[in-house]
Structure formats: structure tokens, C-alpha cells
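The values are calculated or read from the model by the stated rules, or taken from the named source; none is laboratory data. Because the structure is predicted, anything quoted here is derived from the model rather than measured. Here the Cβ is made from the backbone with ideal geometry for all residues, glycine too, and neighbour counts use every protein chain on show.
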């Protein structure tokens, strides 16, 4: 007879947590924060097709880090749930809190019931009428939910990035200031010996939930508009406001991003290639 | 909701699996009773049960398309509603108008709007204009049983084709019948009880390559002609200030003409008819 191994529940949970934390820490980070005109998402992402940031509903966005197939799974569920509730009740009745709850239950159930937890960290953000009314929910692999105060960072070295955000973030920032600060926070880690590094504009995935819009508020910022914002061009601040329903249409050529997979590249622990500044 | 939730509180697999990008397919699994075609109807004709929405016209113009509808819903010989809105944006670049049983029509239209938005969010790209028309056709086909009992709904779908090579021909119109479709129309089309008169009017006045502004006027003229000869179509109501809904879809997206703009067009048409009733 083979010996039955005994592992205490405590040990099992600790092992699962460690697995998930390691997986998430290998990935590139993402930042979500409130600014005067809405909620800004900035993620470091080598792919322009496999998104880490996406639209869930009119005023709700989704950002995730970790394993792509796992958070994509949750994103689809979120879109389905939001559309189902919006059709059965009304568009105004779809809330970020309900979605965060559903994700939390799902992540929690997977964490306790399955042998491998999801290696993901998620943000559900809902834009309000003012920056004070914005809601940012952080969901971790074990199903815990945190209501974040206007800013958050997820992924590898999130603590160091959060430190920069905490020092510099104000809810009354303009879009261009907010993008530059997010860029500064993301690039403050990951260089040689923990030093700062530079991230090229085409390695950033940037999107906003635009407070001023009616209906679907989610909009991606790519190409020339993003470069203008990063260079602090005040015209860049105006550009998004006049941009109309610029929800995904035809993929634009202008981004010229590499086509490697977002999640898998993150998790395969590739050596960080030096971006051309 | 109807989707039997897991006792653990976890979202059921049907929510998370990669299965489909179509919202109606998803709905047919989790809440089939929310699809109009899936409800059992008692036998017998039900045509006089609910209000009917009437005439919609579509005109393809240079650089886009115009869709306009009158505001009347009828129930037998009565006017059920004077200011119903039957023309709506389907998504950022396409428009849909509904004729037939008003309640089912509005429900189908909402479902179609969610269908397009859902695909766009899941896939990160919009459906092609032909893809949208095909989706609408299959949704209409799903309502065939009810249509055979008198609760028919027929839409008119028009949009700006982002993939069109020639921007002048990017405005496209698709019509349907109760068994589905779509049938692509060239130039113009109309549906509903007054469509015969609206189409006759457009036949004489429509010219290929008409500008968007001229096409909006043409559309209101055609609706006037429909209202002139069909009791179920409402003309411009100058007393209550109820005017047709006129929408355009161009490279800049969909746009609904403001109340003031449609009022100006409708008043112009009525003034023209005061001089020459035949238009």
C-alpha cells in the first residue's frame, strides 16, 4: 500500500497563493487611476491585438494582468453578464459593484475548489459624475475585493509602482498629466538593478472611460494621439473629447506594435528587451 | 436570473466559456424566454392584438445613407400612438427601422443593438455591414412562428460600409421579409403600409449620387406622400410639433437630425405642398 500523503488545508492554500503570486509577479504591470476627465487605464503590453484593458459596459472598464486565457475568460463573462442585465433591466442598472462581486465569487470558488488558481489580478472600474464618485475595485486571485482610493497598480512590482502613484497622483490631473505620471510610475521599476527604464509609446496600452460622454464612454488612445499626450502636447487633451464613437473599427496601422502574445510573453519570463527610446 | 447559478456563487460555465460571440446564441442558453421567437403562442390570429408601426424609408446618398420613419402606430382604425419612434441607431455606423407589430419590433431592435455591441466588445472589432444584416435576418427568421399568427415584424437596415472601396457607394440598404433575408437594395427602399406610395414617390424623384441634405428632404417628401394616401402613416403634425425621425449614417457615424432641423424640412415640404399638392 502506498502511503497517503497528508497536506493541511493551510498548506494547500499557501501553495496555491504562492503559485498565483509568482505567476502575477512575472507579468508586466498595469495602472488604473482617476483624472479630471474620467478614469485612465495604462498597461504595459507588447501586443496591440490581445488586450489587457477593455470595455465591459457604458461606464465600466476592465483591466487585468497575469495569464491571458484566464482573465480573457473572466472578461467575456463580465461582458455577457453586463449585457444580459442591461437588456433585462436598463442600461443604468448595470453597475461595477455587481460585476466585481460576480468576479470575486468566481475567483474565490476557483481558488478553493480547483487545484490551480487563476494567476490573475483584475480591476473593475466605473466612471462617475465626478472623480470622487469613480469606483475602482481590485480583485485578486483568491477572490478578495478591495475598493481602491482613486488609483491602483497591479502586476509585477506593484508595490513600488503604487508608491510612485501615491506620491504623485491627484484626482484633478489633466489627461496628459495623468498619462505621463502613469508612464513614470510604470517605468520606475524593471530597469537594471531595480532602476528606472524607458518604455516606448507603442508598448503601452492606453484607454479611458470618458466622464463627459453619454452612452459608451470607453475609448482607446493609440498612435499619434497617445504620442501627443506623452509629449505633453496640450492639444492631446482636447483630441479625445472631440473623437466620436471611436470604438474599435478597423485595426489601425499606425501603432506598428510587435505581434507577440500579451499574456504568454509576460509569463514566459523572457528577458526584458531593451526598448528603443 | 434563469441561468441556474452555481451554489458556490461562481458564474456558470456558459458565461465563461469561449463558445460564441453572439449575444442571441448566449441568450438561447441562459434565458431563452427573453428571445421573442422562443415564446409559445396560443393558436389563432393575433394581428389585431397590438399596435402596428408603419412606414420607413431609406435612401442611399453620396457618402452615406438616410433612414426616416413617420411617427404613427395604429391599432385597427385607431391611432395607438402619435409619436412612436421607429428609427434607431443599431450601432455607431448603422441604422434600423421597424415596421409591423410595435412591441415585438422594439424588443427585436433592442436585442439587435445589444447583439452588435456584444460582438464588438467580445471580439474587439465591429461586424462587417453584411454580417450585421445577416444577423438581423436570422433574428427575424426566429420570429416566423409569431409572424404566421399575425405578429409580423419587418425591419429596414441601412448603414455606412467601412470596408467599401468607393466612399460614394458606402451607404447600403438591406430589406427583409418575415422569413428572413437580407435583400440588398440599390438606391432606395421603403417598408410598412405606406411603402407603396413612398416608393412610387422616390421612383420619380431619386437620382443616383444625391447629396445627404437632399436625401433627407426626399425622405420627408416620400413620407408625406405615404401619409397622403395611407391612413396608417402619419404626416408631419405641425400643430403638435411632431415630425418624422430622420437619421443619417456617414463616415462620421450615425446622426439624428435635431427637432429644429426636421421641423424646418417638414415645414418646407408642407409649404411646397400648399402650392402644389402633388409635390
In the stretch A:28-58, the residues that are in a loop (DSSP other than H, G, I, E, B) and within 12 Å of the chain's Cα centre (by Cα): A:28, A:29, A:45, A:51, A:52
Candidate set from the stretch B:17-61 (those that are surrounded by 21 or more Cβ atoms within 10 Å (Cβ to Cβ) and at the interface with another protein chain (Cβ under 9 Å from one of its Cβ atoms)); member that is farthest from residue B:192 (Cα to Cα): B:26
Meets criteria (more than 14 Å from chain A (Cβ to nearest Cβ) and touching a helix residue (DSSP H, G or I) at 6+ places or on another chain (Cβ under 9 Å)) for residue B:90: no
Test set (1) outside any loop (DSSP other than H, G, I, E, B); (2) closer than 25 Å to residue B:64 by Cα; (3) in contact with a helix residue (DSSP H, G or I) (Cβ under 7 Å, 6 or more places away or on another chain) - residue B:200 fails condition number: (3)
Unique residue being facing chain B (nearest Cβ under 10 Å), within 20 Å of residue A:23 (Cβ to Cβ) and touching a helix residue (DSSP H, G or I) at 6+ places or on another chain (Cβ under 8 Å) when the list is A:73, A:85: A:73
Some residue of the stretch A:114-124 being without any contact (Cβ under 8 Å) to a residue 40 or more places away in the chain, out of contact with any helix residue (DSSP H, G or I) (no Cβ under 6 Å at 6 or more places or on another chain) and within 14 Å of chain B (Cβ to nearest Cβ): yes
Filter result for residue B:163 (modelled with pLDDT under 90, more than 15 Å from the chain's Cα centre (by Cα), under 26 Å from residue B:92 (Cα atoms) and not in a loop (DSSP other than H, G, I, E, B)): no
Which listed residue is touching a strand residue (DSSP E or B) at 6+ places or on another chain (Cβ under 9 Å), assigned to a strand (DSSP E or B) and surrounded by 23 or more Cβ atoms within 10 Å (Cβ to Cβ), from A:153, A:182, A:178: A:153
Selection status of residue A:143, over 13 Å from residue A:44 (Cα atoms), surrounded by fewer than 17 Cβ atoms within 10 Å (Cβ to Cβ) and free of Cβ contacts under 8 Å to residues at least 60 places away in the same chain: no
Sole residue being closer than 23 Å to residue A:219 by Cα and in a loop (DSSP other than H, G, I, E, B), chosen from A:129, A:98: A:129
Among (1) loosely packed, with under 15 Cβ neighbours inside 10 Å; (2) part of a loop (DSSP other than H, G, I, E, B) - the single one residue B:193 does not satisfy: (1)
Of residues in the stretch B:108-159 being surrounded by fewer than 20 Cβ atoms within 10 Å (Cβ to Cβ), part of a loop (DSSP other than H, G, I, E, B) and under 18 Å from the mean Cα position of the chain (by Cα), the one farthest from the other protein chains (Cβ to nearest Cβ): B:142
Hey, residue A:72 part of a helix (DSSP H, G or I) and either buried (at least 19 other Cβ atoms within 10 Å of the Cβ) or modelled with pLDDT under 95 (or both) or not: yes
Residue among B:254, B:186, B:231 that is under 20 Å from residue B:60 (Cα atoms), in contact with a strand residue (DSSP E or B) (Cβ under 9 Å, 6 or more places away or on another chain), at pLDDT below 95 and surrounded by fewer than 21 Cβ atoms within 10 Å (Cβ to Cβ): B:186
Hits in the stretch B:219-240 - residues which are part of a loop (DSSP other than H, G, I, E, B) and without any contact (Cβ under 8 Å) to a residue 40 or more places away in the chain: B:236, B:238, B:239
Any hit, the stretch B:66-83, residues being more than 11 Å from chain A (Cβ to nearest Cβ), buried (at least 19 other Cβ atoms within 10 Å of the Cβ), under 30 Å from residue A:81 (Cα atoms) and within 23 Å of the chain's Cα centre (by Cα): no
Selection from the stretch B:94-107 of residues that are touching a strand residue (DSSP E or B) at 6+ places or on another chain (Cβ under 8 Å) and either at the interface with another protein chain (Cβ under 8 Å from one of its Cβ atoms) or surrounded by fewer than 24 Cβ atoms within 10 Å (Cβ to Cβ) (or both): B:102, B:104, B:106
Residue in the stretch A:215-223 that is modelled with pLDDT under 90 and under 18 Å from residue A:176 (Cβ atoms) present: yes
